[in-house]
Amino acid sequence: MAAISDRRRINAPSGGTSAPVFAKTVKESGYLQSLRPSRTRGPNELRKTFLQTGIVPSASGSAYLEVPTSSSSSSSSQSTLIPPTSSLKITASIQGPKPLPRSAPFSPTLVLTTTVKFAPFATRHRRGYIRDSAERDLGVHLETALRGVIIGERWPKSGVEVVITILEGDEDAWWGDSSAEDGSGSGWGMLNVLAGCITVASAAIMDAGIDCVDMVAGGVAAMTKDGGQKLLDPCPAEHQDIVAACAVGYLASRDEITEIWLKGDVGADPDDLIENATHAAIGSVSVLKEVLLENLEARIKQSSEGSKRKHEDVEMTG
């Protein structure tokens, strides 16, 4: 007698499946370590950043940020199906400003709400659909960074919601290390994710036309074990000896820090590490300025074309 199958759902395969195991990884002990990526950038050199606004037409403002892998990492991935490092891909959308519901208490300033969520496929270890403590912690840090930027007095009795979706997050360590097997998602990679969230949220707020005192950008700096070398924009998969890291939300024109997150053994003098993180944020500010100019040029061109069409449609009658 044939087995009863569920016609309303996609049935799983009858037999179990397993991931491929490469013979070189099993036989050669040093082959796995040869796949480890290494940093080819200078200590003060940042990774390339792609930023674009206006990706969600239904939202008041939106932006997309991507920090791809380095060239050395992509070349070393040709001998295996597993990429040595992950890239950072984040989207942000702005809902509002809009009036608060009648049941909400009176607020003389704009009510800011931030939501940060990892996609289930954002990391090597699949994440759940309900927000965990790490995502709620990122939302609190992001809200602190944006609250000191937005001029909330211009929108009384109103609210704005910043929704961040992390499509691919930066890893806490290289996948071949034993420390990367827990998949907790609360290591060094979270600092890069926070810096990316701050930068992409700032671009989305600019696209929404919300008044701000300045553009806030995120930056990360790390300190290594040997000699305490400072690294800007570190990739955790490329370093084994990171002992401390710092992520900041920085206002370049006002020289102010709206958010700071220190992690690890910073030592007695953390000012040097914080200063390096602000230098990394200045690099993100240059990207934000270019995107802002492109956005303004596109809007001016669109408005001029619309006014030109209106003049052409007008017919003079005697």
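The values are calculated or read from the model by the stated rules, or taken from the named source; none is laboratory data. Given the structure is predicted, the values throughout are model-derived calculations rather than measurements. Cβ coordinates were reconstructed from backbone atoms using ideal geometry, including for glycine residues, and neighbour counts include every protein chain displayed. The area values use the complete protein model at the heavy-atom level, side chains included, leaving out ligands, DNA and RNA. Shrake-Rupley method; radii C 1.70, N 1.55, O 1.52, S 1.80 Å.
Descriptive notes on the structure:
- Estimated at the nearest 10 Å², the accessible area of V287 is 40 Å² with a 1.4 Å probe.
- Potential lengthening between K301 and V243 on full extension [0.36 nm per residue; Cα-Cα distance subtracted]: 15.9 nm
- Fraction of accessible area attributable to carbon and sulfur, region 251-296 (%, probe 1.4 Å): 49
- Remark: accessible surface ordering of E45, E297, E135, E168 (largest first) is E297, E45, E168, E135, probe radius 1.4 Å.
- Two-decimal Rg/Rh across region 204-277, once Rg and the Kirkwood Rh are taken from alpha-carbon atoms: 1.07
- Taking other residues whose beta carbon is less than 13 angstrom from the beta carbon of Y64, and scoring Lys, Arg as +1 and Asp, Glu as -1, yields -2.
- R127 sits among other residues whose Cβ lies under 11 Å from its own Cβ, and their net charge, with Lys and Arg +1 and Asp and Glu -1, is +2.
- When the C-alpha to C-alpha distance is required to be over 27 Å, the pairs from K89/K301; K89/K230; K98/K263; K89/K263 that qualify are K89/K301; K98/K263.
- Average accessible area per residue (Å²) across region 264-307 - probe 1.4 Å, nucleic acids and ligands excluded: 62
- Amide H to amide H distances under 5 Å link E168 with K89, where only residues 5 or more positions off or on other chains count and H is placed in the peptide plane.
- Under-5 Å amide H pairs with V111, H placed in peptide plane, nonlocal only: S158, G159, V160
- In Å², nearest 10: area of H279 left accessible to a 1.4 Å probe: 90
- Gain in span if fully extended, T40 to S103, counting 0.36 nm per residue against the direct Cα distance: 17.1 nm
- A Förster distance of 45 Å, applied to the separation of the beta-carbon atoms of S158 and E275, puts the FRET efficiency at 0.75.
- Put simply, the amide H of V116, placed in the peptide plane, has neighbours under 5 Å in G139, I164, leaving out anything fewer than 5 places away on its chain.
- Only protein heavy atoms count here; under a 1.4 Å probe, D241 has an accessible surface of about 40 Å².
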